[in-house]
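Visitor: Here it is, the structure in full.
The values are calculated or read from the model by the stated rules, or taken from the named source; none is laboratory data. Values in this document were obtained by computation on a predicted structure and should not be read as measured data. Virtual Cβ from ideal backbone geometry, glycine too; neighbours counted across all protein chains shown.
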């Protein structure tokens, strides 16, 4: 009868088991390294994508900053133009006022009253002149107050001239306020005197 030897079979089973374990460890190591590599590659891809997005946001922000700076410059130019337009509109609206002023001065001036100077500062007008009598100055003041374009006539000074002549003249000084719009608003008013 043949004898059975079980020892080599056990050694072969142990050797096979050890080879299987090493193979499993090897494949597990490869799987782990692959997982780390793929995870790292995926994370790096996400970081690169986020960096691209951040770079795009920065470039768009720079473009917007340039646009905002241009808008601020345009706002400054716009304000300057609006100020100029306001000044021009103001000049256009007050342009006829000088015509009305001189027209009222001439129309209101009674006989025997002579103007020597006329100074205007804003809407305030200082009139100096000479008159043959105080009553004529009073008449002149009444006519100026009755004017549509003038108001608040105030007499500052009235005095006799010291020169000796046949006619005794009186010097006077008046302050008058010029109106930019007439007191009376007639529907047929055209700004000219007929």
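Visitor: Return the only residue of 94, 61 being in contact (Cβ under 8 Å) with a residue 12 or more places away in the chain and out of contact with any strand residue (DSSP E or B) (no Cβ under 8 Å at 6 or more places or on another chain).
Guide: 94
Visitor: Test of understanding: among 93, 97, 117, which residue is exposed (fewer than 14 other Cβ atoms within 10 Å of the Cβ) and assigned to a helix (DSSP H, G or I)?
Guide: Only one candidate passes the filter, namely 93.
Visitor: While we're here: Which of the residues spanning segment 165-191 are within 44 Å of the chain's Cα centre (by Cα), modelled with pLDDT of 75 or more and in a loop (DSSP other than H, G, I, E, B)?
Guide: 179
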